[in-house]
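Engineer: Quick one: the structure is below, and I'll ask about it shortly.
The values are calculated or read from the model by the stated rules, or taken from the named source; none is laboratory data. Just so it is clear, the model here is predicted, and its values are computed rather than measured. Cβ placement follows ideal geometry from the backbone for every residue including glycine, while neighbour counts extend to all protein chains displayed. These area figures cover heavy atoms from the full protein model, side chains too; ligands, DNA and RNA do not enter into them. Shrake-Rupley method; radii C 1.70, N 1.55, O 1.52, S 1.80 Å.
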Amino acid sequence: MASGAPLGRLASAILIAAALPALGVLALALPRMAGGAGTDQIVFFGVLPALWIVGMGAALRAPAMARLSVALLLVSLGVAVVAAEAVLGLWLRGAAVAATTSSTLPALLDMRAQGIDAFPRIPGNSLVDLNVEVRGESGSWHPLTSSPGETTVVFCNEEGPLVTYAADWAGFDNPREAWSPERVDVVLIGDSYTAGVCVESEHALGGQLRTRWPTINLGASGSGPLQQLAILREYAAQKTPRVVVWVYYEGNDLWDFGRELQRDWLSAYLEPGHLQGLAANQVEVNAGYRSWIDGQVAEASVAAGGAVPQPPPSPWSPREIASFSSLRSLLGFEVLVPSRGPVIGRLPEVLARASDDVAGWGGQLYVAYMPAYARYDALVGEAIAGRRDLFAALESASIPLIDLDAALRAAGDPKSLWASPRGHLSPEGYRVAADAIATAIAPRLTDSASAP
């Protein structure tokens, strides 16, 4: 009996420790649910943690042996869950290593060996991070496209066969005839969701809208709002479209925006009328861009030894296990609480500049809000912050909004419209988004008053 008191105190300490995570969940979840929450959110992040805390409190009032039994049960369950997380995490990391065989480098080298003028896709954020600058006889420029013009772009193989496309004169995914009309009806601006990663061109937003109106797709994967403003001014202005649809992606555009603001050559586009003159010097830009990419490909192929790079599994991480990321992934809720990412900052200024530019040639700017998969994977809140602030800014600037979240939800289960949780939209998802955009812009394009 002498050991009864110490064991009782140990059991009490375990019970109190078991209650702390539930208290943490309540502290995180309640402020986020204040703005509204579904029944599942209230139960999972409100009722269940509260019941758990009450249960631990009741156990603390039980006799010492009962407390000890409950504590031993909790410890056993905890050890089992942690072990399951560790084993599952190791298995998932091994699967991730095997997935690196999807690298496009071997395919690109093989295509070049066959005499195909193949180039990799260069994400816009890489152009920013590496501060890529190319030179020619007429000057120097910072390219904005995912590849040089007039090349075969090895796009990606995210969820299936390798996707390639024939780049137009500037490096975008458009058929040559798309640029033929003196003035096109629709131009799309945006990142990878606009570019159409990783589907064939006819399934992307541009390909689907092109079946309705003359359309040019100026989507550049990995680009952020400043690069997109630059693309609008350098390339969209060449065709003075009646409608420009700026596809804003909530998943990373604000993160990309933060790094873009650190580059003077990009922030200069906040000045009305600023240009590098890319379109007027595209031949020299293409030549310099080719040379730079060739150097990167040569370096990568030597480093890979002609094979696919195989990164080692990520090290065992107590923090990763403590967050139970692998188990949450298996159960289908990788995002637990809303992200408190960057604020919109100067984004309204960027959109105002774009709206002024488009209005200057008699066109209309629309902003299509592309949700992230995480929006439908979070059990509390919206998963991504900033939506309300952006909507308010668009309303203040009188810029029409196309809420693609509403369209994806109306189609049924939004998550089924993605190729994978970490991927992009499936062809069906792009179709739903394209239909929503078409419905929104059709009145503008059929209104005779909108014609020049």
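Engineer: Residue check, residue 267 against (1) crowded, with 17+ Cβ neighbours inside 10 Å; (2) farther than 14 Å from residue 143 by Cα, all met but one. Which one?
Structural biologist: (1)
Engineer: Which numbered condition in (1) of a type outside the set (A, V, I, L, M, F, W, C); (2) at pLDDT 95 or above; (3) surrounded by fewer than 24 Cβ atoms within 10 Å (Cβ to Cβ) is the only one that residue 248 fails?
Structural biologist: Evaluating residue 248 over (1) of a type outside the set (A, V, I, L, M, F, W, C); (2) at pLDDT 95 or above; (3) surrounded by fewer than 24 Cβ atoms within 10 Å (Cβ to Cβ) leaves (3) as the failure.
Engineer: Still on this structure, I have one more. So which of 312, 342 ends up being modelled with pLDDT under 95, under 30 Å from residue 78 (Cβ atoms) and part of a loop (DSSP other than H, G, I, E, B)? Steps first, please.
Structural biologist: On the way: 342 fails: under 30 Å from residue 78 (Cβ atoms).
Just one listed residue meets the conditions, 312.
Engineer: In addition: Please indicate, with yes or no, whether at least one residue in the stretch 224-232 is open to solvent by 10 Å² or more (accessible area, probe 1.4 Å), assigned to a loop (DSSP other than H, G, I, E, B) and farther than 16 Å from residue 364 by Cα.
Structural biologist: no
Engineer: So, of the residues in the stretch 131-190 that are assigned to a helix (DSSP H, G or I) and without any contact (Cβ under 8 Å) to a residue 40 or more places away in the chain, which turns out to be least open to solvent (accessible area, probe 1.4 Å)? Write out each step before concluding.
Structural biologist: The initial filter retains those residues of the stretch 131-190 that are assigned to a helix (DSSP H, G or I), namely 176-179.
With the extra rule that they be without any contact (Cβ under 8 Å) to a residue 40 or more places away in the chain, the set shrinks to 176-178.
On the way: 176: 175, 177: 123, 178: 11 Å².
That would be 178.
Engineer: Follow-up. Filter the stretch 204-223 for residues that are β-branched (Val, Ile, Thr) and open to solvent by less than 10 Å² (accessible area, probe 1.4 Å); which is nearest to the chain's Cα centre (by Cα)?
Structural biologist: Filtering the stretch 204-223 for residues β-branched (Val, Ile, Thr) gives 211, 215-216.
Remaining after also requiring open to solvent by less than 10 Å² (accessible area, probe 1.4 Å): 215-216.
On the way: 215: 24, 216: 22 Å.
Looking at the filtered set, the residue picked out is 216.
Engineer: Out of the helices (runs of 4 or more DSSP H) lying entirely within the stretch 347-442, which hold 3 or more residues that are within 25 Å of residue 258 (Cβ to Cβ) and open to solvent by less than 10 Å² (accessible area, probe 1.4 Å)?
Structural biologist: Those helices (runs of 4 or more DSSP H) span 347-360.
Engineer: Among residues belonging to the stretch 83-117 that are hydroxyl-bearing (Ser, Thr, Tyr) and in a helix (DSSP H, G or I), point out the one that is modelled with the highest pLDDT.
Structural biologist: Filtering the stretch 83-117 for residues that are hydroxyl-bearing (Ser, Thr, Tyr) and in a helix (DSSP H, G or I), the one modelled with the highest pLDDT comes out as 102.
Engineer: Please tell me if residue 277 is farther than 30 Å from residue 443 by Cβ, touching a strand residue (DSSP E or B) at 6+ places or on another chain (Cβ under 9 Å), modelled with pLDDT of 95 or more and open to solvent by less than 30 Å² (accessible area, probe 1.4 Å). Please lay out each step first, then the result.
Structural biologist: Numbers: farther than 30 Å from residue 443 by Cβ: yes; touching a strand residue (DSSP E or B) at 6+ places or on another chain (Cβ under 9 Å): yes; modelled with pLDDT of 95 or more: yes; open to solvent by less than 30 Å² (accessible area, probe 1.4 Å): yes.
Yes.
Engineer: Then there is this: Pull up the stretch 243-281, narrow it to residues that are of a type in the set (Gly, Ala, Ser) and outside any helix (DSSP H, G or I), then point me to the one that is nearest to the chain's Cα centre (by Cα). Steps first, please.
Structural biologist: Taking the stretch 243-281 first, the residues of a type in the set (Gly, Ala, Ser) are 251, 258, 267-268, 273, 277, 279-280.
Checking the rest, the ones that are also outside any helix (DSSP H, G or I) come to 251, 273, 277.
Numbers: 251: 4, 273: 29, 277: 29 Å.
For the stretch 243-281, the residue satisfying everything is 251.
Engineer: Can you go through 429, 386 and tell me which one is on the phi > 0 side of the Ramachandran plot and within 17 Å of the chain's Cα centre (by Cα)?
Structural biologist: That would be 386, the only listed residue that is on the phi > 0 side of the Ramachandran plot and within 17 Å of the chain's Cα centre (by Cα).
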